1. Can you find a residue in the range 128-142 that is within 21 Å of Arg97 (Cβ to Cβ) and outside any loop (DSSP other than H, G, I, E, B)?
2. Exactly one of (1) over 21 Å from Asp65 (Cα atoms); (2) free of Cβ contacts under 8 Å to residues at least 24 places away in the same chain is unmet by Ala194. Its number?
3. Across the range 175-195, what is the total count of residues that are under 19 Å from Lys147 (Cα atoms), within 11 Å of the ligand (Cβ to nearest atom) and not β-branched (Val, Ile, Thr)?
4. Applying the selection to the range 18-40, what residues are loosely packed, with under 12 Cβ neighbours inside 10 Å and either closer than 16 Å to Lys167 by Cβ or acidic (Asp, Glu) (or both)?
5. Among the numbered criteria (1) among the hydrophobic types (A, V, I, L, M, F, W, C); (2) part of a helix (DSSP H, G or I); (3) within 14 Å of the ligand (Cβ to nearest atom), which one does Ala59 miss?
6. Based on what the data block shows, is Gln144 more than 11 Å from the ligand (Cβ to nearest atom) and either without any contact (Cβ under 8 Å) to a residue 40 or more places away in the chain or touching a Phe, Trp or Tyr at 6+ places or on another chain (Cβ under 9 Å) (or both)?
7. Say we look at the range 150-161 and pick out the residues that are free of Cβ contacts under 8 Å to residues at least 12 places away in the same chain and on the phi < 0 side of the Ramachandran plot; which of these is farthest from the ligand (Cβ to nearest atom)?
8. If I ask for residues that are of a type in the set (Asp, Glu), assigned to a helix (DSSP H, G or I) and surrounded by fewer than 16 Cβ atoms within 10 Å (Cβ to Cβ), which ones from the range 68-99 would you list?
Amino acid sequence: MKRAIIWSGVLAAAVAGGCATTADRAAYDAKATATIQRDFHARGIATMDRLEQDELQLACTKYRDHLPADVEKRLAAQQAAAIRLPADGKLSGDWKRGAALAENGRGMTWSDKPGQPSGGSCYNCHELAPQQTSFGTMGPSLRQFGKLRGYTAEVQKYAYERIYNSKAFTPCSAMPRFGTSGTLTEAQIKDLVAYLTDPESPVNK
Ligand code: HEC
């Protein structure tokens, strides 16, 4: 009797480990959420609302970043609709300020003061210029971004929209939504666009 009980336990574990069902996944997600809710403590500007996933994030969690085509199309359109292009029609700013922003990983932590400007932390995921001391490779290399794609208004618009909300292009992208989340201001995004698309920028040398 005892042996039978042990074996049924081993079997259940093997089944659960071998092929997780949708119900298993939902249970794991609920457990993970509860653990994070329990262990994350609001401090300074890092408040509990950081744990709330919006519709897009919930879908990416549910489908493990592999959205069904119809869901992907709808959510990409939803994210694109939230992009606000600059009212003055100017998409590009100062590449020197953009260079400093791209290499600045500060901001959004509990020890940052409210209203203190954040950096872009682009270097964490992208190769950008030969002067970089180090860079991450989670994102593609952006070396010679403007030089290779052309110094056109269209390329500037693409860069602006990518920085504002990369999830309008790749819904489950790992790249933060810098504009939509309010992490970067319009002026900061313009400076980053200049860093990527100005012929004088080290990115294009
Ligand atoms: C956490 C990692 C991460 C950070 C930080 C990040 N990116 Fe990205 N980025 C990505 C990934 C991954 C992609 C690939 C496409 C996708 O998944 O959206 C990407 C794509 C891009 C693209 C489109 C590239 C192409 O070939 O068309 C641009 C432009 C870009 N990022 C610019 C930036 C800038 C500027 C910053 C800083 C403000 C930045 N990224 C910060 C991860 C990141």
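None of the figures in this text is laboratory data; all of them are computed from the coordinates on show. All of these numbers come straight from a predicted model, not from anything done at the bench. Backbone-built Cβ (ideal geometry, glycine too); neighbour counts: all protein chains shown.
1. Checked the range 128-142: no residue is within 21 Å of Arg97 (Cβ to Cβ) and outside any loop (DSSP other than H, G, I, E, B).
2. Unmet condition: (2).
3. Qualifying residue count, the range 175-195: 4.
4. Matches in the range 18-40: Asp39 only.
5. (3)
6. So Gln144 does not fit the description; no.
7. Thr152
8. Residue satisfying the conditions is Asp70 alone.
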